[in-house]
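A quick write-up on the structure given underneath.
Values in this text are rule-based calculations from the coordinates and carry no lab data. What you are looking at is a predicted structure, and each value in this text was computed from that prediction instead of being measured. Note: ideal-geometry Cβ built from the backbone for every residue, glycine included; neighbour counts use all protein chains shown.
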Amino acid sequence: MHHQRSVSYPTPLLQPPPHHLAPPNPNPGARLMALLSPPTTNLDLTQQPAMPVAPIQQPASGVSEFAASPNVPILPSAPPPGIPNPAVVTASPVRMPSSKLPKGRRLVGENVVYDVDVRLQGEVQPQLEVTPITKYVSDPGLVLGRQIAVNKTYICYGLKLGAIRVLNINTALRYLLRGHAQRVTDMAFFAEDVHLLASASINGRVYVWKISEGPDEEDKPQITGKIVIAIQIVGEGESVNPRVCWHCHKQEVLVVGIGKRILKIDTTKVGKGESYSADEPLNCPVDKLIDGVQFIGKHDGEVTDLSMCQWMTTRLVSASTDGTVCFLLIHSLS
């Protein structure tokens, strides 16, 4: 009859120790249990109770045999299919709880009404962190067009007497585009990285500007604006809100809604062999359009908005005060 003992085990080794480090007379049962047990963390070592081991009997022949205790299940020699091998599973790091309180309000239920204007005690309206670039003051009034145009480099906005302020977002350089004698009703850049600005004003003037930068006489950087086209559309009566719309891919094509009419302007054909400037634009009567300007549609009321499809480049949509929205198929735009 051999003596029975209980042994508590530290973190098991995934591989048996070298022969020169192995303790004398190793216990085969303890080694098998260590290889089959999953690894534990240091925290588990302080909380892990002692585990009784099945009694081990040494027969007289010297061959070790394992006699399992009735209360201890027999462990399989390999993990069943679908269960990862505990010898290769690593312990996941312990996530520390966050000290920050979550913001917001928890909404529970299937049908929940949340009023964005109502604040509970302790709640505050979240504010965006912004850096002011400039202050823009506008007169109150109904304006359908865009009063500000922005691309990757510049911010443009109209002033009271028709001038357009150009502001470099990165360097804070400023410049004034002069030519519109009255309030600007709409403006738009062709693209984020193309500095072509189209603008229209209530007196029927339509301009396209090319904005650039370069050194002045003192070798200091400055913004300049060059007129690409300058047209004065006449004969359509009172033009309250002329609108502009760039072709989505062709920077030489601009669509203008003025009064009840929709016109297409090809900037490469307008003013060929003629002289014009921002102060003295080309006259373009609606009943006798000049070269480069084409009539493409008309509403019963004033045109209030224009938009062009980004993928189907011959599709144009227009809206009017008469309550209609027109979808135009325009092959001539190409």
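Just want to confirm a number: the relative contact order over segment 101-228, from Cα pairs under 8 angstrom separated by 6+ residues, in percent.
15 percent
Just how large is the dipole of segment 148-333 about the Cα centre, in debye to the nearest 20, putting +1 at every Lys and Arg Cβ and -1 at every Asp and Glu Cβ?
240 debye
By how many nm would the segment from Tyr136 to Asp115 lengthen if fully extended, with 0.36 nm per residue of separation less the alpha-carbon distance?
Numbers: separation 21, 0.36 × 21 = 7.56 nm, distance 3.10 nm.
In short, 4.5 nm is gained.
Taking the number of other C-beta atoms within 10 Å as the exposure measure, put Cys309, Cys248, Cys284 in order starting with the fewest. Write down the numbers at each step before the final one.
Details: Cys309 12, Cys248 17, Cys284 22.
Going from sparsest to densest Cβ surroundings: Cys309, Cys248, Cys284.
Test of understanding: ordering Ser275, Ser138, Ser201 by Cβ neighbours within 10 Å, fewest first, what list do you get?
In increasing order of surrounding Cβ atoms, one gets Ser275, Ser138, Ser201.
Counting other Cβ atoms within 10 Å of each Cβ, which GluC sites (Glu not before Pro) in segment 227-334 have at most 10 and sit in a DSSP loop?
Glu238, Glu274
Provide the FRET efficiency to the nearest 0.05 for the Leu329-Leu161 pair, computing r from the beta carbons and using R0 = 41 Å.
About 0.55, to the nearest 0.05.
Going by Cα centres, segment 197-221 and segment 285-314 are how many Å apart?
24 Å
At 1.306 mPa s and 10 °C, plugging the Kirkwood radius over alpha-carbon pairs of segment 148-333 into Stokes-Einstein gives what diffusion coefficient in µm²/s? Numbers along the way, then the final one.
Values: Rh = 16.9 Å.
Value of D from the Cα-based Kirkwood radius: 94 µm²/s.
Between the DSSP loop rule and a limit of at most 13 other Cβ atoms within 10 Å, which chymotrypsin sites (Phe, Trp or Tyr not before Pro) in segment 242-334 are left?
Of the chymotrypsin sites (Phe, Trp or Tyr not before Pro), the ones in loops of segment 242-334 whose Cβ has at most 13 other Cβ atoms within 10 Å are Trp311.
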